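Okay, so here's the structure we're looking at.
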Amino acid sequence: MDGRTALQHTIMSVPVPGAPPRQSGAGAAIGLSFLDVALRLNHVRRLTERLTITDHRVARRITEIDVSLRMLDSGQRRAAALSRELRSAGPPEDGRRVDPIWVPVARISRQSAAPVEVRDAAGARLPRLTQYEASRLLASGLFRLLRGILDSLPAATPGSDLHRFLHRAHESEWLVQQAIDILMTERHRPESVLPRPPAKGVVEGQGARYRSLALSVLDKHEGVLTDFFELFDIALDNDLLIVALEPATDEHLLIYETPLHVAPEDKPGRRIAQLLRSSTDGYYLDYRSHISSSIPAYHLVVETESGVDIARMYLSTDADARAAEILHTDLTVLAQRLEDERRAPSRASNKILELQMQTTLRVLADLIRRRRWDAAQADIAVPTQRMIACTSLALVAVAGEGTTGKQGVVDSSILRHPRLFPNQLRQAAKELRDEELYLDMALENDPTSSRAHANWRGSAQTAAIGTPVQIRAGMLLRDTTAAGPRSVCAYALLVAMVGYVLAALLARLSWPFGPEARPALGAVADADAVIAVLLLVPGFLYTRLGLSDRRSIAGHLRVLPRAVANACIGVVATVGGVVAAGLPGGWVQLAFAVMVVVPLAGAVTLRYRRRTVRETAELVRLGAPRWLDGAEVPRVQGDARFFTARSAGGARFGPSASRADPALDTAPDRAR
């Protein structure tokens with residue numbers, strides 16, 4: 001349920017107040033300033049997230065932020081000082097003591113009620129503004145903002161419903177104010193409107209008219225209030241993490257731990273297929289988050305349990321999604337205009353089209369340059385099958401080439417360039433979506449280990465857009481030491497050897513699987529001794545295998561070795577049962593054959609279980625941008641998908657925007 005619907009349902013569920021709720025103008029200014037700081041985070045110089053993968057679908061996230069109070073603007077500083085005065089019990093006793101100021105440092109989803117403790121670099125716990133106090137401030141600010149927007153509309157003329165709502169029917173205004181206050185402070189949203197069966201003999205009274213007026217004003221001006229309800233959604237979905245900082249120190253390092261949410265597990269059949277794939281290809285991990293576009297640097301550090309290494313890791317953001325969306329529209333429009341211009345030339349429109357084409361192609365050239373530099377930084381060559389049209393148009397924009405006329409005069413108009421034609425522009429627009437050129441990329445380039453990291457740096461263009469930047473990270477975990485598969489492979493070969501040697505001894509040192517060996521195998525002299533050998537030797541060796549816990553990452557990576565080891569124990573127990581039952585020689589011969597064949601097949605499977613895949617194809621399978629690899633590589637669903645709540649939807653632009661994972665699509669945050 002979005003914020004607008006929740007507000008309407010709350011208005012219909014609460015009684016009309018007889019007096020205005022207690023809210024102050026200073027509190028409204030503080031609340032709006034806190035929300036502005038939490039959205040922009042212009043005072044955060046660096047953000048580092050440390051993910052520790054402890055078990056299957058279990059992870060911890062510790063966030064470190066570098067805060068600079070000097071980067072707060074004057075309005076934000078005034079609001080911080082005002083909040084300090086409101087909470088101060090009185091003037092300083094000695095006249096020199098300076099109280100801490102309250103500064104928002106992050107937004108945390110309300111989906112989780114886990115407590116968050118913020119500590120400084122020395123490990124001391126910092127005071128936090130309670131969510132109830134912060135919610136009251138936000139409620140005051142949001143109502144003042146709503147009233148200011150409505151009061152500035154031309155429709156607020158005397159005699160109109162809007163004028164009555166703002167200046168005459170105060171109870172309607174109080175009702176909206178009360179509804180906003182309840183939604184912000186109680187942390188819940190109504191699921192449905194309280195049912196009201198019609199009663200006989202009643203008509204619409206004064207309270208019902210006040211409620212109808214409030215609802216009609218919100219409905220009538222829905223389009224004007226779009227930006228307001230986007231902010232309202234953010235305030236409802238998130239709690240502001242507001243801490244007390246010493247104003248005498250400009251630079252602060254803050255550390256806090258927040259919960260991670262994990263997508264639901266798949267159905268049993270699909271889960272079994274994922275387990276088998278994890279044992280052969282590796283454990284795929286997917287992480288989605290978001291940061292403010294004004295944050296200049298983001299650092300992701302991932303650590304796994306001992307014995308599990310991070311073979312591949314990528315970090316990608318959609319910081320260029322808005323620019324790519326504008327480029328896609330401009331290229332499509334310019335293709336049609338170029339087609340019309342060449343069909344019916346016009347000197348006036350030609351000059352305008354020339355300027356528009358140069359501007360658009362320069363932006364495209366800069367985008368292609370950044371994608372190629374991303375690949376070069378990761379020591380990856382962009383395939384020649386990718387970015388064909390976009391690269392050609394980028395060269396047209398940066399080359400500065402011209403054409404010569406009949407008299408040898410150089411014409412520098414970009415519209416005369418032989419590589420510029422309408423279909424090329426349309427193909428470039430298509431490549432922006434299909435090849436995911438709106439996604440940047442950073443790779444982990446350290447040696448394989450249980451710790452990996454990747455960096456992202458923002459730009460002035462990204463900060464100017466103002467929308468949150470979606471973070472996408474994928475990791476491939478492998479048991480690179482292969483201690484488990486190697487030991488189980490040796491164990492399987494040993495079980496097969498024990499089975500063959502024991503069968504040959506029982507067959508009087510002859511070929512145990514021929515017709516002449518059946519009488520000897522059917523008349524075992526000492527069945528107890530044979531059963532003891534079958535159960536003790538393989539059973540003792542089974543206890544020495546390094547089979548990890550099923551819930552651990554290593555347990556998922558070694559599910560195939562565990563299955564092979566269990567199959568070996570199963571066939572050994574079967575042979576022991578056949579011998580103990582005194583069955584005919586044919587059955588004993590078949591049981592020993594199974595004891596030899598099944599372990600050998602398991603050993604071969606473990607030996608040749610892993611497929612050879614190109615590094616770029618492996619990254620695309622994990623979810624990296626498609627422009628990295630020349631082939632159409634299918635995406636693989638992660639074994640575990642972690643995300644921060646309300647931030648895990650698909651991309652804002654491109655084909656993946658319409659094919660977002662429904663398990664992760666939880667209404668991404670929106671900002672003005």
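Any read-out appearing in this document is the output of simple, stated calculations on the displayed coordinates, not a laboratory observation. Treat the numbers as computed from the prediction; the structure is a model and nothing was measured. Don't worry about glycine lacking a Cβ; one is built from the backbone with ideal geometry, like all the others, and counts go over all protein chains shown.
Observations on the model:
- Ellipticity at 222 nm from helices only: DSSP H runs of n ≥ 4 in the chain, each -39500 (n - 2.57), divided by the residue count, give -15000 deg cm²/dmol.
- For the chain, the longest principal axis of the alpha carbon atoms and the long axis of helix 321-343 meet at an angle near 70°.
- Under 26 Å from K406, Cα to Cα: lysines that are on another chain or at least 8 residues apart: K351
- A Förster distance of 41 Å, applied to the separation of the beta-carbon atoms of V604 and R457, puts the FRET efficiency at 0.30.
- Model label sites at V224 and R277, defined 7 Å from Cα along the beta-carbon direction, differ in position by 5.2 nm.
- For R550 and D266, the FRET efficiency from 1/(1 + (r/R0)^6), where r spans their Cβ atoms and R0 equals 22 Å, is about 0.85.
- Taking only alpha carbon atoms, the stretch 472-526 gives an Rg to Rh ratio of 1.41, where Rh is the Kirkwood radius.
- Alpha carbon centroid spacing (whole Å) that separates the stretch 552-601 from the stretch 609-633: 37 Å
- Under 18 Å from K430, Cα to Cα: aspartates and glutamates that are on another chain or at least 8 residues apart: D318, D320, E325, D330, E339, D366, D440, D629, E632
- With the charge dipole of the stretch 321-434 set up from +1 on Lys and Arg Cβ and -1 on Asp and Glu Cβ about the Cα centre, the Cα lying farthest toward the positive end among the listed residues A375, I414, A348 is that of A348.
- Computed on the Cα atoms alone, the convex hull of the stretch 393-544 gives a volume of 333 cubic angstrom per residue.
- Extension gain for K430 to D120 (0.36 nm times residue separation, less C-alpha to C-alpha distance): 106.8 nm.
- Across the stretch 352-403, Cα-Cα pairs more than 14 Å apart make up 58 percent of the total.
- Distance between the stretch 1-66 and the stretch 301-352 - C-alpha centres, whole angstrom: 32 Å
- Computed over the alpha carbons of the chain, Rg followed by Dmax gives 34.0, 113 Å.
- Overall dimensions of the stretch 483-607 by Cα: Rg and Dmax, Å: 15.2, 50
- With contacts taken as Cα pairs under 8 Å and at least 6 residues apart, the chain reaches a relative contact order of 20 percent.
- Considering only the Cα atoms of the stretch 321-434, their convex hull presents on average a projected area of 7.9 nm².
- Modelled spin labels at E305 and R343, positioned 7 Å past Cα toward Cβ, are 6.6 nm from each other.
- Integer Hz, Karplus 6.51/-1.76/1.60 couplings in order for the stretch 390-403, x for Gly and Pro: 5, 5, 4, 5, 5, 5, 4, 6, 9, 6, x, 7, x, 10
- When the alpha carbon gyration tensor of the stretch 221-289 is reduced to an equivalent ellipsoid, its three semi-axes come out at 40, 26, 10 angstrom, largest first.
- Efficiency of FRET between F421 and R635 - r from beta-carbon atoms, R0 41 angstrom, step 0.05: 0.75
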